[in-house]
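Participant: One structure is given below, represented as structure tokens, and several questions about it will come after.
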Amino acid sequence: MRAWILLSALLVGTGWILSALHELNRGGYLAVFVIATTVAVWRWRNIKSRFPEAIHRARHKLGHRFRRLAPLLFLALVLMSLLAGSLYLPGNSDALAYRIPRVLHWLGREQWHWIYTQDSRMNVVGCNFEWLSAPLILFTGTDQWIFLINVASYLMLPGLIFSVFTRLQVSPRTAWWWMWFLSSGWCFIFQAGSAANDSWAAVYALAMVDFALRARESKRVADLWLSMLAAALLTGVKQTNIPLALLWLIAAWPSARLLLARPGTTALVVAASLLVSAVPGTVLNIEHAGNWQGVASGVETSGWTAGSAFWKLVGNLFSIPQQNLLPPFFPLADVWNGTMQRFLQTPLGAHFAPFEKFGYLSWGVSEAQAGIGLGICLLTLVSLVGVRRFRPAAPGGETKPGSHFLRLIRVTPWILLLVFMAEICTYQNARLVAAYYPLLFPLLLAGPGHARLVRQPWWQWFGLLVMLLAAGMLVVSRMRPLFPAQTILVKLQAKYPHTKIFPELEAAYAAPRAILTAENYFKKDLPPEERVIGYATTNGDSEPGLWLPFGERRVERVLPDDTPEQLRRRGIHYVLVEDLALEADQMTIEQWMQRYDGSLVDQLALPLDRHRPPAHLYLVVMHSSPGL
């Protein structure tokens, strides 16, 4: 974990520094990597005498660990995530809509810059995942391997859970079982093979607590420095993780005096921490948009500030558990969503109108909205009920040193979760709090009865079934199925034409593939010499494919106020127009082409939602462009 924190800080800091120097390119990265490798080799000379012994211990530990079923199931989840990520291109809607495109825009200009776009997310949200993915895209020429960031983080999750739990007075046996079970939470398994950026932040949240508590025990300032870097990296992933910085302050406070032992190095670590934290993004948001969130005055805030804190809290106390309890498949979604729409029209429901899609549930669980998941929720409920059998009749107070301090660490994540709930009313909040989930469990598991409960065979088998369910969820994932889903479903549809479930399933599996089809569909229509492609959209997710081949073509967003003359000056001859943009401008494609003096080259219909007409993409060539 130490190496991962340092590598993450190196890549995030490198992104900002190279941007400031206008050298966000292969040469800049190679120079940084040479310097980092030199430092690593120098450090290697100091620790290589201990390395063979460490390798021997690790080999022995791994060989012994994977003789048991729970670790074997976790290994299976890792291998399935690797396979799924290798077989499929990124299909996460947020990644396609703004996370991957923003990296391509930065690399195209060789620096971070405020992107000309209607989609504010391309500029205002945390950049840390993008800074880790930038060199992967730059040196491989593809976004295929971004998922490796999530897989690497996922591998560290069980060990970090065990270390944090035991330091917070959860018994080692209890922590051992729960580190495997929690790692099978649906937000973690679905995102391990994807380009999403919610669950990978959990390792930084756990690491900041772990190293802060280590520093308290070891009195080593290096542990506190690592804790500080982990906390900074966490805040730079998403603004919704910023409240967890308070947890770090509490955990690190008893060791704060250690920072004075080496003030020079501490100053460098503080500077590095500020660089890799939410601070640069916040400063740039204030500079370009006038507020720390980056939302311009008068623009829809997407659930960040609208509504009262009380009703946000009440709404999230309903919607986050609701999303976590969503079963793998939910055929009653239409009935449920209709009921929620009618509820919002009532006087009570009007309080939740500021929420984005309040109470909405999809047809089944996917990475876009998965929280810790139904399996872990049921296991937690069963554990809290079952542990009552093994709780002492008259439990005494905690006698371990520092019990009050550790109890505060266990309670604080729950308070911070309430703060989150009182501030945010966006859709899919269950996945946005992925970094919070592991930190919530020490308070539930620190009681004396859990050490006896986890010895019960029935409880162990229940937990293993939860992991098996998670494995099954990966197999049938709509985004990255590990079986020929559409082939089988088409055959079943033909064999049982009057069965309604098969068309529903086929449509559900077809939608993610449609997005990826759109990425590559128009390549045949674009002349190789075209170096700039226009893209007219509001928040569409078809941009990454327009950049292909990466490094040779650039995409420019086309906004409603742009004129044909402005497009010509920017070198735009072809524009991909989404019906999202047409709807926002209240125009038809014919009206759009008349305004810009263009003609239709090709179009594509995308069946993204079985309840709505297909979305459309139109490739338009500009008649007035030179040479046409």
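Just so you know, all these numbers are worked out from the coordinates, no wet-lab data involved. Worth saying up front: this structure is predicted, and the values here are computed from it rather than measured. Quick reminder, even Gly has a Cβ in these numbers, built from the backbone with ideal geometry, and neighbours come from all protein chains shown.
Participant: Set the bar at 24 Å for Cα to Cα. Now go through Lys238/Lys312; Lys357/Lys523; Lys238/Lys357 and name every pair that lies beyond it.
Facilitator: Lys357/Lys523
Participant: Here's another thing I want to ask about it. Taking the dipole about the Cα centre of the chain, with the C-beta of Lys and Arg at +1 and of Asp and Glu at -1, give me whichever of Gly290, Val279, Leu75 is farthest to the positive side.
Facilitator: Leu75
Participant: Another question, if that's okay. Taking Cα atoms, how many degrees apart are the long axis of helix 333-344 and the longest axis of the chain, rounded to 10 and kept between 0 and 90?
Facilitator: Value to nearest ten degrees: 90.
Participant: On a 0 to 90 degree scale, rounded to 10, what angle separates helix 128-140 from the longest Cα axis of the chain?
Facilitator: On a 0 to 90 degree scale, this one is about 60.
Participant: Mean shadow of the range 103-220, computed from the convex hull of its alpha carbons, in nm²?
Facilitator: Taking the Cα atoms of the range 103-220, their convex hull projects to 9.5 nm² on average.
Participant: Based on the alpha carbon coordinates of the range 513-622, what radius of gyration and maximum Cα-Cα distance (Dmax) apply, in Å?
Facilitator: 13.2, 41
Participant: Using 0.36 nm per residue, how much length does the chain from Val335 to Arg612 gain when fully extended, once their Cα-Cα distance is taken away?
Facilitator: Gain in length upon complete extension: 98.1 nm.
Participant: Could you order the peptides 560-573, 411-424 from most to least packed, using the average number of other C-beta atoms within 10 Å per residue?
Facilitator: 411-424, 560-573
Participant: Then there is this: How do Arg216, Arg388 rank when sorted from fewest to most other Cβ atoms within 10 Å of their own Cβ?
Facilitator: Arg388, Arg216
Participant: Over the chain, what is the mean sequence separation of C-alpha contacts under 8 Å (at least six apart), divided by residue count, expressed as relative contact order in percent?
Facilitator: 15
Participant: Taking only Cα atoms, what is the 0 to 90° angle, nearest 10, from helix 69-87's long axis to the longest principal axis of the chain?
Facilitator: Taking Cα atoms only, the helix is inclined about 20 degrees.
Participant: Under 15 Å from the Cβ of Phe211, count the other residues' Cβ atoms, weight Lys and Arg +1, Asp and Glu -1, and hand me the total.
Facilitator: Net of charged neighbours comes to +3.
Participant: By a straight-distance test (C-alpha under 18 Å), which aspartates and glutamates pair with Lys491 as possible cross-link partners, with residues fewer than eight away in the same chain excluded?
Facilitator: The qualifying aspartates and glutamates are Glu504, Glu506.
Participant: What's the exposure ranking of Arg410, Arg220, going from fewest to most Cβ atoms within 10 Å?
Facilitator: Fewest-to-most ranking of Arg410, Arg220: Arg220, Arg410.
Participant: If each residue's Cβ is checked for other Cβ atoms within 10 Å, how do Val387, Val490, Val209 rank with the fewest at the top?
Facilitator: Least crowded to most crowded, the residues run Val490, Val387, Val209.
Participant: Dipole magnitude of the chain about its Cα centre, charges +1 at Lys/Arg Cβ and -1 at Asp/Glu Cβ only, in debye to the nearest 20?
Facilitator: Rounded to the nearest 20 debye, it is 3720 debye.
Participant: Continuing with the same structure: How far apart, in nanometres, would the label points at Trp458 and Asp602 be if each is projected 7 angstrom from Cα along the Cα-to-Cβ direction?
Facilitator: Result: 6.1 nm between the two label points.
Participant: While we're here: Suppose a student asked you for the relative contact order of the range 513-622, using Cα pairs under 8 Å spaced at least 6 residues apart; what percent would you report?
Facilitator: Rounded, it is 28 percent for the range 513-622.
Participant: Between Gln566, Ile533, Leu617, whose Cα lies farthest towards the positive end of the dipole of the range 513-622 when Lys and Arg beta carbons carry +1 and Asp and Glu beta carbons carry -1, centred on the Cα centre?
Facilitator: Highest projection toward the positive end goes to Ile533.
Participant: So I have [x] -0.34, -0.48, -0.91, -1.18; [y] -0.24, -0.35, -0.79, -1.20; [z] -0.29, -0.40, -0.84, -1.15, and one of them is log10 I(q)/I(0) by the Debye sum over Cα atoms at q = 0.05, 0.06, 0.09, 0.11 Å⁻¹ calculated from this model. Which one is it?
Facilitator: Matching entry in [x] -0.34, -0.48, -0.91, -1.18; [y] -0.24, -0.35, -0.79, -1.20; [z] -0.29, -0.40, -0.84, -1.15: [y].
Participant: Quick query: amide H of Gly534 versus all other amide H atoms, modeled in the peptide plane; which residues come in under 5 Å with a sequence gap of 5 or more or a different chain?
Facilitator: Glu556, His573, Tyr574, Val575, Leu576
Participant: Could you work out Rg/(2.2 N^0.38 Å) for the range 451-570, with Rg from alpha carbons only?
Facilitator: Ratio of Rg to 2.2 N^0.38 Å for the range 451-570: 1.72.
Participant: Here is a further query. Evaluate the distance, in nm, between pseudo-label points positioned 7 Å from the Cα of Ile488 and of Thr588 along their respective Cα→Cβ axes.
Facilitator: 4.4
Participant: How much net charge surrounds Asp561 when only other residues with a Cβ under 15 Å from its Cβ are counted (Lys, Arg +1; Asp, Glu -1)?
Facilitator: Net local charge, Asp561 excluded: 0.
Participant: Can you find, among Ala245, Phe462, Val475, the residue sitting farthest towards the positive end of the charge dipole of the chain, where Lys and Arg contribute +1 and Asp and Glu -1 at Cβ?
Facilitator: Sorting the options by dipole projection puts first Phe462.
Participant: Round to the nearest 0.05 the FRET efficiency obtained for Leu69 and Leu148 when R0 = 22 Å and r is the Cβ-Cβ distance.
Facilitator: Working from the Cβ atoms, E equals 0.25.
Participant: Still on this structure, I have one more. So if I place +1 on the C-beta of Lys and Arg and -1 on the C-beta of Asp and Glu, and nothing else carries charge, what would the dipole magnitude of the range 75-210 be about its Cα centre? I want it in debye, nearest 20.
Facilitator: 220
Participant: Restricting attention to the range 443-539, which trypsin sites (Lys or Arg not before Pro) occupy a DSSP loop and are surrounded by at most 15 other Cβ atoms within 10 Å?
Facilitator: Arg455, Lys500, Arg531
Participant: What's the magnitude of the charge dipole for the range 513-622 around its Cα centre, counting Lys and Arg as +1 and Asp and Glu as -1 at the beta-carbon? Answer in Debye, nearest 20.
Facilitator: 260
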